[in-house]
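**Student:** First, the structure itself, so that you have it in front of you.
The values are calculated or read from the model by the stated rules, or taken from the named source; none is laboratory data. These numbers come from a predicted model, not from an experiment. Every residue, glycine among them, receives a Cβ derived from its backbone with ideal geometry; neighbour counts consider all protein chains shown. Heavy atoms of the whole protein, side chains included, go into the accessibility calculation; ligands, DNA and RNA do not. Shrake-Rupley method; radii C 1.70, N 1.55, O 1.52, S 1.80 Å.
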Amino acid sequence: MTPIEILDHLEQLYPDAWCELNHKNAYELTIAVLLSAQTTDISVNKVTPLLFEKYPSVYELSQASLKDVENILKTLGLYRNKAKNIITLAKQVIENFDGEIPDNQTDLVTLAGIGRKSANVVVSCWYGVPAIAVDTHVSRVSKRLRLAYANDDVNVIERKLNRKFPKDRWSKAHHTMIFFGRYQCKAKNPDCLDCPFKSFCREYPNQKHRFE
Ligand code: SF4
């Protein structure tokens, strides 16, 4: 199966795949993406309504008390660090970008707690810039589907996916791969039975005994 055929199948499986972090603007998306590190989107969506009600923009958040933000985020892993980072990020956006969340990866990665993966999510989901953010799901799925080697790091995987998929499909590819990894091709006990990629999947030989 060619990379394009893989992408076609993924899009058929998850035609509505898109960002599952609730947000209304670039500020909310950026904060939600930062908070989602090593935690689920569902957990983030539980804390952001109160956070954004109390701190609706970078201006309020930049003035927030660390203790109050920690209290709102306390159900999330690494919440102390995340609380510190989002307040710093708000100050940086005001000081360096006139209060506007940057629309490009180069500027976004200068913000506290924002790495390349998070920057790619923000530019693709909010600003419509084609980008593939390689998270744990995209990484696992890429390796299993032989779009990358088993020991490739996230930067190499991103470059390979960018080369193999047409640019106008990058953002959608990112979301369909996440949905496939999250709901079917899970790290443990993937649902291989009806998977269209069994014939060439790198992981299927290790899993097929579960279905025999
Ligand atoms: S066969 Fe199983 S492990 Fe392989 S891609 Fe499909 S769901 Fe994932």
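**Student:** Probe 1.4 Å, all protein chains in place: accessible area of His175 in Å², nearest 10?
**Tutor:** Per-residue accessible area (His175): approximately 10 Å².
**Student:** Using a simple charge model, +1 on the beta-carbon of Lys and Arg, -1 on the beta-carbon of Asp and Glu, nothing else, what dipole does region 26-125 show about its Cα centre, in debye to the nearest 20?
**Tutor:** Around 520 debye, computed over region 26-125.
**Student:** Leaving out ligands, DNA and RNA but keeping every protein chain, what accessible area does Ile101 have, in Å² rounded to the nearest 10, with a 1.4 Å probe?
**Tutor:** Looks like 10 Å² after rounding.
**Student:** Between Lys167 and Leu13, what's the calculated FRET efficiency when r is the beta-carbon distance and R0 is 25 Å? Round to 0.05.
**Tutor:** In this case the efficiency is close to 0.70.
**Student:** Taking the Kirkwood radius as the inverse of the mean 1/r across Cα pairs, report the Rg/Rh of the chain.
**Tutor:** Ratio of gyration radius to Kirkwood radius: 1.01.
**Student:** Note down the accessible area of Asp194, probe 1.4 Å, to the nearest 10 Å².
**Tutor:** Asp194 has an accessible surface of roughly 140 Å² with all protein chains in place.
**Student:** Moving to a separate point now. Residue-wise, which Karplus ³J(HN,Hα) couplings in Hz belong to region 18-29, taking 6.51 cos²θ - 1.76 cosθ + 1.60, θ = phi - 60°, and x for glycine or proline?
**Tutor:** After applying 6.51 cos²θ - 1.76 cosθ + 1.60, I find 7, 4, 9, 7, 5, 6, 10, 7, 5, 4, 5, 5 Hz.
**Student:** Under the rule of at least 5 residues apart or a separate chain, name every residue whose amide H is placed under 5 Å from the amide H of Val129.
**Tutor:** Ser124
**Student:** For region 151-204, state what percent of all Cα-Cα pairs lands in each successive 10 Å bin, counting from 0 Å until the bin that includes the largest distance.
**Tutor:** In order of increasing distance, the bins hold 20, 45, 33, 1 percent.
**Student:** Ordering Ile42, Ile87 by how much accessible area each has at a 1.4 Å probe, largest first, what is the list?
**Tutor:** Ile42, Ile87
**Student:** Between region 152-195 and region 63-137, what's the alpha-carbon centroid distance in Å?
**Tutor:** 23 Å
**Student:** Relative contact order for the chain using alpha-carbon pairs under 8 Å, separation at least 6, rounded to a whole percent?
**Tutor:** Reported relative contact order: 21 percent.
**Student:** Filter the trypsin sites (Lys or Arg not before Pro) in region 124-194 down to the DSSP loop ones having no more than 11 other Cβ atoms within 10 Å, then list what survives.
**Tutor:** Of the trypsin sites (Lys or Arg not before Pro), the ones in loops of region 124-194 whose Cβ has at most 11 other Cβ atoms within 10 Å are Lys188.
**Student:** Ok, one more. With a/c under 1.5 counting as rounded, go ahead and sort region 26-125 into rounded, prolate or oblate using the C-alpha gyration tensor (a ≥ b ≥ c being the square roots of the eigenvalues; past the cut-off, prolate if a/b is larger than b/c, else oblate).
**Tutor:** It comes out oblate by the Cα gyration axes.
**Student:** Now a separate question. Taking the Cα centre of the chain as origin, work out the dipole magnitude from +1 charges on Lys and Arg Cβ and -1 charges on Asp and Glu Cβ, in debye rounded to 20.
**Tutor:** So the magnitude is around 860 debye.
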